[in-house]
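Structure record follows, encoded as structure tokens.
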Amino acid sequence: MMDADARFDYDGPADLRAPIAAALARVVDPELALDIVDIGLVYAVHVGADALTVRMTMTSAACPVTDLIVEEVEQALAPLAPPGTPVRVDMVWEPPWTPERLSERARRFMGG
């Protein structure tokens, strides 16, 4: 089974990788009742001197809970960001999300 932290690209201090993956796995998409890591919405995390940046997408550009999920990601990661480092969420639509990004757990949950 794939680790949550292997489901997206990570660039940053090694000691933050697991806590960041765990924090992101606690953010749930209320429409699907699954976490954003299992859904495959998180593409990459970069922890740099200027920001802790999450590159992610939604299953659809018309997703009505985008703002809520972005806010929850920012709140989940703020305590893990290095002091004085803002959390930034970059919403991207390329590459588009596809069901192939679902984890095995998410596929089973959705009956696939």
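The values are calculated or read from the model by the stated rules, or taken from the named source; none is laboratory data. Bear in mind the structure is a predicted one, so any value in this text is a computation, not a measurement. Please note: Cβ atoms are built from the backbone with ideal geometry, for glycine as well, and neighbour counts cover all protein chains shown. Just so you know, the surface numbers come from the protein's heavy atoms only, side chains and all, with ligands and any DNA or RNA stripped out. Shrake-Rupley method; radii C 1.70, N 1.55, O 1.52, S 1.80 Å.
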Handout entry: Residues whose placed amide H lies under 5 Å from that of Val89, excluding near-sequence neighbours
Key = Val54
Handout entry: Mean Cβ neighbour count within 10 Å, used as a protection proxy, ranking 69-82, 89-102 highest first
Key = 69-82, 89-102
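Where only protein heavy atoms count, and the probe is 1.4 Å, what is the accessible area per residue for the chain in Å²?
On a per-residue basis, the chain sits at 54 Å².
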Practice task
Let me know the Rg and Dmax you get for the chain when you use only its Cα atoms, in Å.
Solution key: 13.3, 43
Handout entry: Nonlocal amide H pairs with Leu34, under 5 Å, H built at 1.01 Å
Key = Asp29
Completion exercise
With all protein chains present, the chain has a carbon and sulfur share of its accessible area (1.4 Å probe) in percent of 55 percent
